[in-house]
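To start, the structure under review is shown below, and the notes come after it.
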Amino acid sequence: DGDGDGDGDGDGMLPLSLLKAAQGHPMLIELKNGETYNGHLVNCDTWMNVHLREVICTSKDGDRFWRIPECYIRGNTVKYMRVQEEVMEKAVEEQKKYRRFGQGRGGRGGRGGRGRGNE
């Protein structure tokens, strides 16, 4: 499909647009050190640093739990993030809407158009 996400559908879902769609929704984050954080996404930035609220942190072994009012997780410590299916669907719809209004496709470049010609 040429969009680079490997799913063959041509939608090209980008991780950041998915995270933006997940704002206000619950998500799970596992860190490289094995700890997991379950909470509601407040915000994220271009480096995938995330701000969570109402968080349950689980130790690597799964034998200890902490309730944290809010936390900030640096993007480069994250192993993976999991969002609800409805968030995925919402993100896909947002992207389709965005493309329908002519943004995200076309633009300048390619062949034809005005140019300098042959000199």
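Numbers at a glance
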| read-out | value |
| --- | --- |
| Residue count, segment 40-68 (criterion: at positive phi and either in a strand (DSSP E or B) or under 11 Å from the mean Cα position of the chain (by Cα) (or both)) | 2 |
| Residue count, segment 24-43 (criterion: of a type outside the set (S, T, N, Q) and under 19 Å from R64 (Cα atoms)) | 9 |
| Filter result (surrounded by 12 or more Cβ atoms within 10 Å (Cβ to Cβ) and either more than 21 Å from the chain's Cα centre (by Cα) or among the hydroxyl-bearing types (S, T, Y) (or both)) within segment 69-94 | T77 |
| Boolean, R105 is open to solvent by 50 Å² or more (accessible area, probe 1.4 Å), at pLDDT below 95, of a type in the set (D, E, K, R) and in a strand (DSSP E or B) | no |
| Residues located in segment 72-92, provided they are over 16 Å from L18 (Cα atoms) and in a helix (DSSP H, G or I) | N76, T77 |
| Members of segment 14-39 found to be assigned to a loop (DSSP other than H, G, I, E, B) and surrounded by 16 or more Cβ atoms within 10 Å (Cβ to Cβ), listed by number | A22, E35 |
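The values are calculated or read from the model by the stated rules, or taken from the named source; none is laboratory data. Treat the numbers as computed from the prediction; the structure is a model and nothing was measured. Glycine gets a Cβ as well: all are built from the backbone with ideal geometry, and neighbour counts include every protein chain shown. All accessible areas refer to the heavy atoms of the entire protein, side chains included, with ligands and DNA or RNA removed. Shrake-Rupley method; radii C 1.70, N 1.55, O 1.52, S 1.80 Å.
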